[in-house]
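*Asks:* Before we start, here is the structure in question, set down as structure tokens.
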Amino acid sequence: MEKINLICVSCPKGCTLDVRREGDTIVSVEAGCKRGVTYAHQELFDPRRMVASTVKVVDGLHPLVPVATSDPFPKPQIPQLLQALREVQVQAPVKIGQVIIPSVLGTDVDVIASRDMPEEQAASI
Amino acid sequence: MTQRRKYDVIIIGSGPGGVAAAMAAKQTGAEHVIIIERDIEAGGILLQCIHNGFGLENLGEDLPGPTYAQKYIEQARELGVEFMLETMVLDVTPERKVFATNKYEGVIELEAGAIVLSMGCRERTRAQIQLPGSRPAGVYTAGTAQRWVNIEGYMPGKNFVILGSGDIGMIMARRLTFEGANVERVLEIMPYLSGLSRNYVQCLLDFDIPLQLQHTVNRIIGNDRVEAIESVRVDEQFKPIPGSQEIIPCDTLLLSVGLIPENELSKKAGVRLDTRIGGPIVDDEYQTSVSGIFAAGNVVHVYDLADWVTQAGFRAGAAAAKYAMGKLTKKNRTITTSGGSHVRYVIPYSINPDNLKEHEIPLQLRVSQPIESPVRVVVRAGEKEITRKNEMYARPGEMISIILQEKHYDSIMHTDELVVDIIER
């Protein structure tokens, strides 16, 4: 049996998880809460992360708008996701929650705008 | 622009603390509430914190910083909070006059029934950690780099070394990697991580960025631009160990070496500050030593999470509104708090026990040294234990909170001082 220590990233507490695995089966997880158990299973077989970055905006108050994945995204595909974001350009105004790339790279995850980005001239005191 | 010159509550700064304070002030019944913000839009530093992890505590959602900010700002606007943007506050007086300036109106003089200071914090810079060496371009604070990369669209370099394992430093290590830069390594002078463990996993381990504890920058090399840094290992007294120097080629050094509460305005208002951590000495309603001036968020002490800043803002804003309306609970008794064994500081500095009849009072504290074994957090009055809780460990980078409730009222009401100890189990 293999003993693995993972640090849970589900919340800011950052608990250390004691995981025992036998080949492809997790035998036990000692965690601070239920989310830790879920995290351990996910992390060992299909690691995912929330990914946040920016994309270019035309005519926006700022030249970029921050974006993030709607759900945790498969970790091995993060480089391809970032490349896809570099190729995107959106037109202001952008609304918070606006889908920037739907089902990105064939996953069930969307990339969405993290905030409104008004047009440059629309910004006033 | 605003026409009015008298407000019930004036809030300085539109980060999470300020926006929450404004919302709570409105909800508590203050009629005229305004936030003054120097930037062109509301939101504060949250706007450049594009990473996720916000809202888990307060909203049950994992949100990017700008989303978290916008949610609360929209609610504040719906409640009728006014925002005065692009306006710099110059002075705050103990009589609660606020002098500010902007390009539309010149100098503005406002009067407040109560003021909430929520200016946040600022980063420690190269000067404050006295880094030797030449003074080339390419040495920046992590937060400055964060603003350039995430809002303005500039990359400050290609090859980075990051000094300090604070959260912003680690988050920037990942962010720069995302944008195609190379992060050589992160150096930390302490023998332990100064940010959250989850950021070590998500930001450094995920991208194989090495972290070296007990290491610092010995010297910066380069004339016009950083060409390399010399790192060095330090001993327990933080003294460089001879022979451990290493030249690390890089074009940019980012500093993530701590945050200091921003209190230039507080000083002008005559607010008494805690010289150890730089924030105002506040009571459990976040009132400072100057009557009617409140303070909430990183301006008091630097929190790990924006969610907790929001909570502090709610408390401060509600109290400020009550003060402005003449309804703040009278202080019949003041109980001071202090840090005992292993505890560096406790916020608030004093409590009014009568407030326990209306709401819980969280005591927030940090340990002075990491304790990597199970601990007990104990609040006591003299030898008498008031409440306790267990933690699996205690780390300086992770704030500990222990709650006083109404049921504790009787046991603390005859004491003058509460002490919080952290004891190894």
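None of the figures in this text is laboratory data; all of them are computed from the coordinates on show. What you are looking at is a predicted structure, and each value in this text was computed from that prediction instead of being measured. Cβ sites come from the backbone with ideal geometry, for glycine too, and all protein chains shown count toward neighbours.
*Asks:* Normalised by the residues of chain B, what does the relative contact order come to in percent, with Cα pairs under 8 Å and at least six apart?
*Replies:* It rounds to 16 percent for chain B.
*Asks:* Right, something else. In region B:10-109, which trypsin sites (Lys or Arg not before Pro) are in a loop and have at most 11 other Cβ atoms within 10 Å, using DSSP for the loop call?
*Replies:* Working: sites: B:Lys26, B:Arg38, B:Lys71, B:Arg77, B:Arg96, B:Lys97, B:Lys103; in loops: B:Arg38, B:Arg96, B:Lys103.
Answer in residue order: B:Lys103.
*Asks:* Work from the charge dipole of chain B (Cβ charges, +1 for Lys and Arg, -1 for Asp and Glu, about the Cα centre) and give the residue of B:Val201, B:Ile189, B:Ile403 farthest towards its positive end.
*Replies:* B:Ile403
*Asks:* Quote to one decimal, in nm, the extra length available between A:Asn5 and A:Val99 on full extension: 0.36 nm per residue of separation minus the C-alpha distance between them.
*Replies:* Numbers: separation 94, 0.36 × 94 = 33.84 nm, distance 3.67 nm.
That pair, A:Asn5 and A:Val99, stretches by 30.2 nm at full extension.
*Asks:* Kindly flag which residue pairs out of B:Lys26/B:Lys331; B:Lys103/B:Lys331; A:Lys13/B:Lys322; A:Lys75/A:Lys95; A:Lys3/B:Lys158 have an alpha-carbon separation exceeding 31 Å in this structure.
*Replies:* Numbers: B:Lys26/B:Lys331 23 Å; B:Lys103/B:Lys331 42 Å; A:Lys13/B:Lys322 34 Å; A:Lys75/A:Lys95 27 Å; A:Lys3/B:Lys158 39 Å.
From the list (B:Lys26/B:Lys331; B:Lys103/B:Lys331; A:Lys13/B:Lys322; A:Lys75/A:Lys95; A:Lys3/B:Lys158), the Cα-Cα distance tops 31 Å for B:Lys103/B:Lys331; A:Lys13/B:Lys322; A:Lys3/B:Lys158.
*Asks:* Rounded to the nearest 0.05, what FRET efficiency do B:Tyr409 and A:Glu30 have when you use their Cβ-Cβ distance and R0 = 25 Å?
*Replies:* Working: r = 38 Å, r/R0 = 1.51.
Once rounded, the FRET efficiency stands at 0.10.
*Asks:* Nearest 20 debye, what's the magnitude of the dipole of the protein assembly as shown about its Cα centre given +1 on Lys and Arg Cβ and -1 on Asp and Glu Cβ?
*Replies:* Values: 58 positive and 69 negative charges, 179 e Å.
It works out to roughly 860 debye.
*Asks:* Between B:Ser401 and A:Gln89, how high is the FRET efficiency from 1/(1 + (r/R0)^6) when r is the Cβ-Cβ distance and R₀ = 25 Å? Nearest 0.05. Spell out each step's value before the answer.
*Replies:* Details: r = 44 Å, r/R0 = 1.76.
With R0 = 25 Å, the Cβ-Cβ based efficiency is 0.05.
*Asks:* Please report, in debye to the nearest 20, how large the charge dipole of chain B is about its Cα centre when each Lys and Arg carries +1 at its beta carbon and each Asp and Glu carries -1 there. Could you put the intermediate results ahead of the total?
*Replies:* Details: 45 positive and 54 negative charges, 146 e Å.
My answer is approximately 700 debye.
*Asks:* Ignoring everything except DSSP H segments at least 4 long, calculate the 222 nm mean residue ellipticity for chain B; use -39,500 (n - 2.57) per segment, divide by total residues, nearest 500. Present the calculation step by step, with values, prior to reporting the outcome.
*Replies:* On the way: 8 runs with 77 residues, N = 425.
Counting only the DSSP helices, I get -5000 deg cm²/dmol.
*Asks:* Same structure again: Simple spin-label model, 7 Å along Cα-to-Cβ: B:Asp91 to B:Ser291 in nm?
*Replies:* 2.2 nm
*Asks:* OK, next. Apply the a/c threshold of 1.5 to the C-alpha gyration tensor of the protein assembly as shown and tell me whether it is rounded, prolate or oblate. Display every interim value, and only then the final one.
*Replies:* Values: a/c = 1.44, a/b = 1.17, b/c = 1.24.
Judged from the Cα gyration tensor, the protein assembly as shown comes out rounded (a/c under 1.5).
*Asks:* So for the pair A:Leu82, B:Thr144, with labels modelled 7 Å out along Cα→Cβ, what separation do we get in nm?
*Replies:* Taking the two extended label points, one gets 2.4 nm.
*Asks:* Still on this structure, I have one more. Just to confirm the filter: which GluC sites (Glu not before Pro) across region B:185-257 are DSSP coil and have at most 11 other Cβ within 10 angstrom of their Cβ? The partial results should precede the final answer.
*Replies:* Numbers: sites: B:Glu188, B:Glu227, B:Glu230, B:Glu236, B:Glu246; in loops: B:Glu227, B:Glu236.
Loop-located and lightly packed - B:Glu236.
*Asks:* Another question, then. Measuring from a point 7 Å past the Cα of B:Ala127 along Cα-to-C-beta, which residues in region B:225-255 have an amide N at less than 18 Å?
*Replies:* B:255
*Asks:* Give me the dipole magnitude in Debye, nearest 20, for region B:180-274 about the Cα centre, with unit charges on the beta carbon: positive for Lys and Arg, negative for Asp and Glu. Don't skip to the answer; put the middle values down first.
*Replies:* On the way: 9 positive and 14 negative charges, 81 e Å.
For region B:180-274, the charge dipole is close to 380 debye.
*Asks:* Okay, moving on. Describe numerically, in nm with one decimal, the distance between label points set 7 Å from Cα along Cα→Cβ at B:Asn223 and at B:Glu236.
*Replies:* Using points 7 Å along Cα→Cβ, the separation is 4.4 nm.
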